[in-house]
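Have a look at the structure below, then the notes.
The values are calculated or read from the model by the stated rules, or taken from the named source; none is laboratory data. What you see is a predicted model; the values in this text were computed from it and never measured. Note: ideal-geometry Cβ built from the backbone for every residue, glycine included; neighbour counts use all protein chains shown. Just so you know, the surface numbers come from the protein's heavy atoms only, side chains and all, with ligands and any DNA or RNA stripped out. Shrake-Rupley method; radii C 1.70, N 1.55, O 1.52, S 1.80 Å.
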Amino acid sequence: MLFEYCRLEDDTVVTHSEERPDGTVRVLVERPRDWGFDSAECELPSLEWTLVDGFCGDGLERLRRFVRNNALLIMRLAREKTPARA
């Protein structure tokens, strides 16, 4: 399940998963465009980006900075959304 973290001024939506058993969190970013969406995926805490489509140059760098600057809060929120493990 994904949870909305925020919506930026250009309608870019940042969502995150629950914390996974290995302690990682998946962050997905989508921005509407005429024919669909620009999208990118990042894994926290490593900040490893994968599946980047449509984001490039300064836009991608701003997105990377945004996620890096919000990583601790996103990780905490993801942990709170994670069901208790037996």
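A few points about this structure:
- Residue, modelled with the lowest pLDDT, within region 32-55, restricted to residues that are part of a strand (DSSP E or B) and crowded, with 18+ Cβ neighbours inside 10 Å: Asp38
- The single condition from (1) at negative phi; (2) in contact (Cβ under 8 Å) with a residue 24 or more places away in the chain that Arg76 fails is (2).
- Hey, Asp11 in a loop (DSSP other than H, G, I, E, B), free of Cβ contacts under 8 Å to residues at least 12 places away in the same chain and either among the charged types (D, E, K, R) or surrounded by 15 or more Cβ atoms within 10 Å (Cβ to Cβ) (or both) or not: no
- Residue match in region 59-73 (condition: in contact (Cβ under 8 Å) with a residue 12 or more places away in the chain, in contact with a Ser or Thr (Cβ under 7 Å, 6 or more places away or on another chain) and outside any strand (DSSP E or B)): no
- Residues being closer than 15 Å to Ala78 by Cα and either open to solvent by 20 Å² or more (accessible area, probe 1.4 Å) or modelled with pLDDT under 95 (or both) - total across region 14-31: 9
- Summed over region 52-69, the residues that are of a type outside the set (Val, Ile, Thr), closer than 17 Å to Arg33 by Cα and under 13 Å from the mean Cα position of the chain (by Cα) give a count of 2.
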